[in-house]
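The values are calculated or read from the model by the stated rules, or taken from the named source; none is laboratory data. Being a predicted model, the structure only gives us computed values, none of them experimental. All Cβ positions, glycine included, derive from the backbone under ideal geometry; neighbour counts span all protein chains shown. Quick note on the areas: whole protein, heavy atoms, side chains included, nothing else; ligands and nucleic acids left out. Shrake-Rupley method; radii C 1.70, N 1.55, O 1.52, S 1.80 Å.
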Amino acid sequence: MNIQHQTVEESKKREISFKVDMQSYTLIIALLLIALIFGFFTGGEFLSSRNISNLFTQMSVISVLAIGMTLIIVAGHIDLSVGALVGLTGGIAAILQVWYDWNTLLVVLCAVVVGALLGLWQGWWVAYRAVPAFIVTLGGMLIFRGILIGISKGQTVAPMSDSFKKIGTSYFPYIPGYILALVSIALLFLWTTKHRTKRKNMGLIIPAAKIDYGKTVAYSFFILLATYMLNRYLGIPIPILIVLAIAVIFIFISNKTPFGRYVYAIGGNQEAAALSGINIKWNTLWVFITMGGLAGVAGVLLTSRLNAATVSAGNMYELDAIAACVIGGTSLIGGKGKIVGALIGALIMASIDNGMSMMNIQTFWQYIVKGLILIIAVWIDISSKK
């Protein structure tokens, strides 16, 4: 009986793992199909090194927002203010540098701190005053947009200094780029080996070595391919390196720290989390602070890339960030979601925008397609739960 029970448990674990893998593979397959379709209709221009470099640069702002939005949604909340907060923090950065001649480092720090403080303000209303996040962030969206129009006097603030522009427009050199790729691959193999050893020591099921290391080889191939394609143009864009650095930090936080586990527990079952002794209010507050700080980073990236701050900057970015998370497998019910999936979702959204623009498809079709993709992604999520 024990052997039979163990066999059933192992079968269930394999089934869960298979479902998770299938979800990841489906995203990758969808991304490849999008690349092939747009590559065909643009005569291969979509897959050119120049366009891939531009694509990664364009997706950086939404990717940063998607990382924070993943934690927000996993915790069972929503943030509709991030687009306006991107515009406001980017506007503050531009005003401090262009009008008051602040240096780049102080400007960047100020933008991130302001974003975090405004996230704190919204989180306080949600966590300690029990106002629904939908209402708080909807109000925040209007407030932040109004503040931006007021402090900028409705003007476009430009140009930025050369050092500030480099944040969003510079490139990592060729040889250091390849070195960075090789170091990343070495760390990937080291992590795979360490992960297998840890599971073995804990008596958990270990996938066949050829499966684990086969995945690592595949990931390594894509890292080298991406590095090669980007180096054929001007090198690896600095914005995407910033995104990857933030992603690594938050993947570690979400998987390896008590805070990350608490966020998933709160979103999965708030009552059970409270009974387990988790401080729901405190952790919810920090989720919003984190989102605000990341919105500040996104604001700096956007203003740097555009070399200007406008009153419409960041408009509708909250919907792109939410769509990226949902496409990446984050459940709007809460308790489920991965940062890697959100990044792939952001790349899919950016690819659709970029590809349709290259095909000279009118803007209104882009909104329609993205809206339909969001609805279908949520429907798939709900259907999979049934």
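Residues of segment 88-107 that are out of contact with any Phe, Trp or Tyr (no Cβ under 7 Å at 6 or more places or on another chain) and crowded, with 24+ Cβ neighbours inside 10 Å: Thr89, Gly90, Gly91, Ile92, Ala93, Ala94.
Right, Thr192: open to solvent by less than 60 Å² (accessible area, probe 1.4 Å), outside the structural domain of Ile78 (by the TED database), assigned to a helix (DSSP H, G or I) and farther than 30 Å from Leu47 by Cα or not? So Thr192 passes the test. Residue-level analysis places Ser351 outside the set of residues that are open to solvent by less than 10 Å² (accessible area, probe 1.4 Å) and over 17 Å from Ser60 (Cα atoms). Spot the failing condition for Ser152; the list is (1) closer than 22 Å to Ile240 by Cβ; (2) buried (at least 17 other Cβ atoms within 10 Å of the Cβ), and only one is missed. Result: Ser152 fails condition (1) only.
Annotation note: Cβ proximity below 7 Å between a residue of segment 153-178 that is basic (Lys, Arg) and a residue that is open to solvent by less than 60 Å² (accessible area, probe 1.4 Å) (sequence gap 6+ or interchain) occurs for Lys165/Ser304; Lys165/Asn307.
When each of Ile206, Ile242, Ile249, Ile185 is tested for being among the β-branched types (Val, Ile, Thr), assigned by the TED database to the domain that holds Ser53 and open to solvent by less than 70 Å² (accessible area, probe 1.4 Å), the lone residue that passes is Ile242. For segment 214-228, taking the residues that are open to solvent by 70 Å² or more (accessible area, probe 1.4 Å) and not aliphatic (A, V, I, L, M), the one that is farthest from Leu47 (Cα to Cα) is identified as Tyr219.
For the criterion of being open to solvent by less than 50 Å² (accessible area, probe 1.4 Å) and either part of a helix (DSSP H, G or I) or acidic (Asp, Glu) (or both), Ile382 fails.
Condition check: under 20 Å from Phe250 (Cα atoms), out of contact with any Asp or Glu (no Cβ under 8 Å at 6 or more places or on another chain), hydrophobic (A, V, I, L, M, F, W, C) and open to solvent by 40 Å² or more (accessible area, probe 1.4 Å). Does Val113 satisfy that? In short, yes. Listed by first and then second residue, the pairs linking a residue in segment 115-141 that is in the same structural domain as Gly68 (by the TED database) to a residue that is open to solvent by 50 Å² or more (accessible area, probe 1.4 Å) and of a type outside the set (Lys, Arg), with Cβ atoms under 6 Å apart and 6 or more places separating them unless they lie on different chains, are Val131/Trp125; Val136/Trp125. Of the residues making up segment 38-51, those that are surrounded by fewer than 20 Cβ atoms within 10 Å (Cβ to Cβ) and assigned to a helix (DSSP H, G or I) are Gly39, Phe40, Phe41, Glu45, Leu47, Ser49, Arg50. Here Val287 fulfils each of the conditions (1) touching a strand residue (DSSP E or B) at 6+ places or on another chain (Cβ under 8 Å); (2) not in a loop (DSSP other than H, G, I, E, B); (3) not acidic (Asp, Glu) apart from (1). The set of residues in segment 196-225 being closer than 26 Å to Phe172 by Cβ and in contact (Cβ under 8 Å) with a residue 60 or more places away in the chain is empty. Of all residues in segment 118-141, those satisfying the criterion of being at negative phi and either loosely packed, with under 14 Cβ neighbours inside 10 Å or assigned to a loop (DSSP other than H, G, I, E, B) (or both) are Tyr128, Arg129, Val131, Pro132, Phe134, Ile135. Selection of segment 229-239 for residues being open to solvent by less than 20 Å² (accessible area, probe 1.4 Å) and assigned to a helix (DSSP H, G or I) yields Leu230, Asn231, Pro239.
Of the listed requirements (1) over 18 Å from the mean Cα position of the chain (by Cα); (2) modelled with pLDDT of 85 or more; (3) in a helix (DSSP H, G or I); (4) not aromatic (Phe, Trp, Tyr), Asn360 misses just one: (3).
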